[in-house]
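**Q** Below is the structure I would like to discuss, written out as structure tokens.
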Amino acid sequence: MLFQKKEISTLSFNPFKEIGSDWYLLTAGTLENYNTMTASWGFMGFMWGTPSFSCGVRTNRHTFSFMEENEYFTASFFDESYRSALQFCGTRSGRDYDKAKETGLTPIQLDEGVSFEEAKKVIVCRKQFASMMDESSFTSPETYQKWYSKDPCHKQYIGEIVAIYEKTVF
Ligand SMILES: Cc1cc2nc3c(=O)[nH]c(=O)nc-3n(C[C@H](O)[C@H](O)[C@H](O)COP(=O)(O)O)c2cc1C
């Protein structure tokens with residue numbers, strides 16, 4: 001199976017299912033030096049005149065410094081059979097584990113981003129915006145209390161979607 005570039009206008013994507021329920025791997029860096037983590041929060045839509053993808057990364061994640069230091073990131077989506085791999089990548093840190101080695105995932109370069117051969121769909125993004133969420137920005141104090149009273153805040157990233165790849169079966 002090969003990745004094929006897909007026209008955004010032909011994409012059918014249910015963000016509530018594919019982001020929120022199925023989860024994805026958020027990856028930033030180069031093939032030589034990247035990190036990946038599982039994410040289930042994010043948005044996709046239209047911003048600043050371009051198709052855009054947004055994710056939130058807490059500052060204590062190893063992935064955070066990769067998101068800060070690199071211009072591109074990817075969101076990689078998988079079949080249900082990779083749920084345990086995503087579970088691993090969402091509960092272990094790249095500081096302690098080689099996640100690709102532990103899960104059997106195969107890192108690959110896709111345009112300027114890093115993804116995995118086993119993904120079924122990959123969204124490649126160029127960072128356009130990064131902003132720390134802080135208490136003063138929350139208009140709902142209970143939301144801040146619920147999510148950030150114990151854990152560090154997320155930094156929100158919005159990237160221009162530069163390419164979408166999907167697997168084609170021959
Ligand atoms: C289902 C699931 C969804 C997650 N979503 C996010 C998320 O959207 N943002 C985030 O910062 N962490 C999220 N996490 C937590 C990170 O994946 C987890 O802390 C991971 O171990 C970080 O790895 P790293 O230290 O190598 O970056 C999620 C974890 C799971 C299991």
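The values are calculated or read from the model by the stated rules, or taken from the named source; none is laboratory data. The structure displayed is predicted, hence computed values, not measured ones. Here the Cβ positions follow ideal geometry from the backbone for every residue, glycine too, while neighbour counts run over all protein chains shown.
**Q** Between a residue in segment 148-170 that is more than 17 Å from residue 73 (Cα to Cα) and any residue that is of a type in the set (Val, Ile, Thr) and at pLDDT 95 or above, which pairs come within a Cβ distance under 9 Å, given they are 6 or more apart or on different chains?
**A** 152/59; 153/59
**Q** What number of residues in segment 7-40 are over 13 Å from residue 64 (Cα atoms), surrounded by 16 or more Cβ atoms within 10 Å (Cβ to Cβ) and of a type outside the set (Asp, Glu)?
**A** 4
**Q** Mind checking whether some residue in segment 143-153 is modelled with pLDDT of 95 or more, among the polar types (S, T, N, Q) and under 18 Å from residue 37 (Cα atoms)?
**A** no
**Q** Could you check segment 15-34 and list, in sequence order, the residues that are under 14 Å from residue 55 (Cα atoms) and aliphatic (A, V, I, L, M)?
**A** 19, 25, 26, 28
**Q** Let me ask another. When the residues of segment 127-156 are narrowed to those that are within 11 Å of residue 54 (Cα to Cα) and touching an Asp or Glu at 6+ places or on another chain (Cβ under 9 Å), which ends up surrounded by the fewest Cβ atoms within 10 Å (Cβ to Cβ)?
**A** Taking the candidates together, the pick is 130.
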